[in-house]
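The values are calculated or read from the model by the stated rules, or taken from the named source; none is laboratory data. Computed from a prediction, not measured in an experiment: that's the story for all the values here. Cβ sites come from the backbone with ideal geometry, for glycine too, and all protein chains shown count toward neighbours. Areas reflect the complete protein model, heavy atoms only, side chains present, ligands, DNA and RNA absent. Shrake-Rupley method; radii C 1.70, N 1.55, O 1.52, S 1.80 Å.
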Amino acid sequence: MTKSYKVAEHIFNLTLPEGSVLWEHLGQYEPFLQEEVCTAPLFSLEVGAQLPEGELTPVLLPEAEDGETVIKLYHIGEDWWFEASPDHRIPTVAKTWASKDFRQGRLEIVSRKISSAVFGINNALMLLYAFNTATLGTLEMHASMVSNSGKAFLFIAKSGTGKSTHSQQWLNYIPGTELMNDDNPIIRVWPDGRVIAYGSPWSGKTPCYRNVEAPVGAIVRIRRCPENKITRFGILEAYASVYSSCSGFKAQREMADGLHASLEAIATGVPCYVLDCRPDQEAAEVCSKEVLK
């Protein structure tokens, strides 16, 4: 059975074995469901299909801290191979083969746990989405995102620094604030210069899977500090800050060029700040006073 989903105006297909109970555990995708199956999606992922055999050549084997998702990337001939685990102390729970152009993917769930299957599907789709949209003005961000006054505001930071906490302070103390996504929103730079943020089916620990969109009002990097102050970045600082918080295979030339073009448009067209702050009400007030003016 195949279903089509649209995220930031990009359509992809997901196929599961007929009668699979996994559909019941993928409700996060329902807000993005299309009425009809797309015959020409950006990419497709088939779950349960047989993966090809062949020698794996390592491309990227990152080190991860405890609790961080591990994604290992290999070549298999001219194609690609991913192995995913929710933690480096846990064996691989899902394997994905992808065609050379990343347009076709097949996923094998190694673990029998439903949670591992959902983890595998989510990560395979996120990877394929990031790789296929990098040349289309689209960035998959690691950020918490709220809306206020008709605009989207993205909070970026190192894991555990307090992106979600800062969003919650906005929700508590800044009237008119709504949560759009708490972990993986999408930014798309359109040919006419518009920079639009979108909700996605991927939202980390906080379940916020909203099919919403808004122009980007600002991007704010959160840093822990004893005092609350906000400073606007210059273009180079803004570029580097956003670069460190977006997903994409930067080692492949075509994708890297696409990411660079998007990052350049954002750094020159979107206000970017650093907020040195405590995790308190005043931090939200200091931030909102600046970015909402």
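Which strands (runs of 3 or more DSSP E) sit wholly inside segment 104-165 and have at least 3 residues that are surrounded by fewer than 24 Cβ atoms within 10 Å (Cβ to Cβ)? Steps first, please.
Working: elements: 104-109, 138-141, 144-148, 151-156.
Hits in segment 104-165: 104-109.
Identify the residue in segment 246-265 that is open to solvent by less than 60 Å² (accessible area, probe 1.4 Å) and outside any helix (DSSP H, G or I) and, among all such residues, is farthest from residue 154 (Cα to Cα).
Here is the first cut: in segment 246-265, the ones open to solvent by less than 60 Å² (accessible area, probe 1.4 Å) are 246-249, 252, 255-256, 258-259, 261-263, 265.
Among the residues that remain, those that are also outside any helix (DSSP H, G or I) are: 246-249, 252.
Values: 246: 12, 247: 15, 248: 18, 249: 22, 252: 27 Å.
This residue is 252.
Find all pairs meeting these conditions: Cβ atoms under 9 angstrom apart; at least six residues apart or on different chains; first residue within segment 200-224 and closer than 12 Å to residue 145 by Cα; second residue hydrophobic (A, V, I, L, M, F, W, C) and open to solvent by 50 Å² or more (accessible area, probe 1.4 Å).
Pairs that qualify, where the first residue is closer than 12 Å to residue 145 by Cα and the partner is hydrophobic (A, V, I, L, M, F, W, C) and open to solvent by 50 Å² or more (accessible area, probe 1.4 Å), are 217/292; 218/292.
Can you tell me which residues in segment 213-229 are more than 19 Å from residue 245 (Cα to Cα) and surrounded by fewer than 19 Cβ atoms within 10 Å (Cβ to Cβ)? Please lay out each step first, then the result.
Going residue by residue through segment 213-229, those that are more than 19 Å from residue 245 (Cα to Cα) are 213-214, 225-229.
213, 225, 226, 227, 228, 229 - these are the residues of segment 213-229 that are more than 19 Å from residue 245 (Cα to Cα) and surrounded by fewer than 19 Cβ atoms within 10 Å (Cβ to Cβ).
Determine which single condition residue 276 fails, assuming it passes every other condition in (1) of a type outside the set (A, V, I, L, M); (2) in contact with a strand residue (DSSP E or B) (Cβ under 7 Å, 6 or more places away or on another chain); (3) within 30 Å of residue 172 (Cα to Cα); (4) assigned to a helix (DSSP H, G or I).
Failed condition: (4).
In this structure, does residue 46 turn out to be under 15 Å from residue 124 (Cα atoms), more than 19 Å from the chain's Cα centre (by Cα) and either open to solvent by 30 Å² or more (accessible area, probe 1.4 Å) or touching a residue at least 40 places away in the same chain (Cβ under 8 Å) (or both)?
So residue 46 fits the description; yes.
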